[in-house]
């Protein structure tokens, strides 16, 4: 029995749209910290760079399939003059 979610392209794109202004994300470490045995979250970097990596469809799909644990926070749009 396959317990992993089937993630459609539409679902991944919808999720990505929720975070359109917020491409920052965190990943949970694959190995526990040697002293605390906790799995901490970290900001991944682009390959060969010190810049943070951006959230992508591949990362969302891996998270939905249960292959990784990631976290992101949607940005709240700034209120416009029309709606206060």
Discussion item. Regarding the stretch 26-71, what's the average projected area of the Cα-atom convex hull, expressed in nm²?
Written reply: 3.7
Worksheet entry | Sorted peptide list for 48-60, 26-38, criterion being average Cβ within 10 angstrom, highest first | 48-60, 26-38
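All of the numbers you see were taken from the coordinates with simple rules; none came from a lab. In this text, all values refer to a predicted model and were calculated from it rather than measured experimentally. Don't worry about glycine lacking a Cβ; one is built from the backbone with ideal geometry, like all the others, and counts go over all protein chains shown.
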